[in-house]
Amino acid sequence: MRKTTLAIAIFFLASIVALAGACTAAPTPTPTKAPAPTQAPVATVAPAVATKPAAAAATAAPAVATKAPAVATQAVAPAPAKVAVQPLSPPFKMKVGVAGSAVDAGFYIPYEKGYYKELGLDVELVNFANGLLVVPPLGTGQLDAGGGGVNVALFNMILRGIPLKIVADKSHAEPGNMGIGFLLRKDLLDSGAVKTPADLKGRVLSLPSRGSTQEHMAEILLAQGGLTLDDMDMKMLQVPDQIAAFANKSIDIGHAFEPTVTTAKEMGVAVLWKGDHELLPYREGSAILYSANFQKQTEAAKRFMIAYIKGVRDYNDAFFKKKGTEEVIAIMAKHSTQKDPNVLRKLAAQAINPDGYAYPEALQGDIDYFVRTGQMTPLDIKQVIDHQYVDYALQVLGKYPK
């Protein structure tokens, strides 16, 4: 297995804008050798019934969701019990885009524990500054899979005939989860200068980019105070860079996720003020994407999903069941942007669906926002999501025990 560091993040930031109209190629990163992963047992097949969220109809105006999205029960065809999934031979070489966030653990854990290798996948992890930068090289076919940020550029690529697919959840805003949302500068909170969204007028708001789903979240938040984005001083920053910006008081509020949320709190510069789950429950923070070419590699694509879901389940076990926690924290400290295990132990761990499915209703809400603000034309979420790989993985792994 190999791990690659993508050094020229600024190039891909420009690519996001360019790919909203047409895809252009990006440079191939130089690979570096990664440590050999440990081995884990091969998955066996067992019949299962998967619970899969159902797509919702588009809405004409923004609204704050107050309940969980509709869930439909989809029967998964039973497969022969105790039949091992054979590894691909020769191993399938593939590149996977990662962004160094806590929820990239679903990629890092299989890499370190040998889940990819046992299924015949030779995975190279390619690092990016954020999930939005993962999307352009997926569109050009330079990556096979990745944890991509959901934004208008992704949807416009699909509208222009580039058949990227959201194939699984990477993170979502589950009610009660405080791992993603809006950080507020601590001195503004402590002094009472900002008590409600109405108090944000004229203040500096940090987002990773315009046309992102974070922009949609900001619109919902500001509307609670009778404000719009036009009432704010906007500043585009990568999420980890917000720490220094809060410290030197060059921003007042910013949208962030783990490990930045906990890092900001530990440093005393900002605190999570409004969680995404309070604004749009089950909002899809990021998603697993397959490139057009990788979708054609059916056996590899199915096996990758098995390994990914196994990794996600280890993550859920570690943070929500306190099982195998130290092993997972060590893996995250090795690969994520937060290298301090003590900070990682304090994470308000973001929710990742251990049964894999993404949340179509929330994604359709993002699309409707971009349509309403003139950033794209209408798009049915059914053109975006393909859960066949999750369906297969659940035939092999069964449903996650609650």
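The values are calculated or read from the model by the stated rules, or taken from the named source; none is laboratory data. It should be emphasised that the depicted structure is a prediction, and the values quoted were computed from it without experimental measurement. Cβ atoms come from the backbone with ideal geometry, glycine included; neighbour counts cover every protein chain shown.
Quick notes on this structure:
- Filter result for E215 (part of a helix (DSSP H, G or I) and not hydrophobic (A, V, I, L, M, F, W, C)): yes
- Any pair with Cβ under 6 angstrom, 6 or more apart, that starts in segment 371-397 at a residue that is outside the structural domain of N156 (by TED's automatic domain parsing) and ends at one that is acidic (D, E) and surrounded by 14 or more Cβ atoms within 10 Å (Cβ to Cβ): none
- Qualifying residue in segment 261-274 (condition: assigned by TED's automatic domain parsing to the domain that holds G146 and either among the hydroxyl-bearing types (S, T, Y) or modelled with pLDDT under 95 (or both)): no
Here's the yes/no breakdown for (1) within 30 Å of H387 (Cα to Cα); (2) without any contact (Cβ under 8 Å) to a residue 12 or more places away in the chain; (3) in a loop (DSSP other than H, G, I, E, B):
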position	(1), (2), (3)
L138	yes, no, no
G147	yes, no, no
N156	yes, no, no
I166	yes, no, no
G176	yes, no, yes
L205	no, no, no
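- Considering each residue of segment 223-237 in turn, at least one proves to be at pLDDT 95 or above, part of a helix (DSSP H, G or I) and either closer than 28 Å to M157 by Cα or under 18 Å from the mean Cα position of the chain (by Cα) (or both).
- One residue stands out in segment 373-402 among those that are part of a helix (DSSP H, G or I) and hydroxyl-bearing (S, T, Y): the one that is surrounded by the most Cβ atoms within 10 Å (Cβ to Cβ), namely Y389.
- For segment 241-260, the criterion of being touching a strand residue (DSSP E or B) at 6+ places or on another chain (Cβ under 8 Å), more than 24 Å from L143 (Cα to Cα), at pLDDT below 95 and among the β-branched types (V, I, T) is met by at least one residue.
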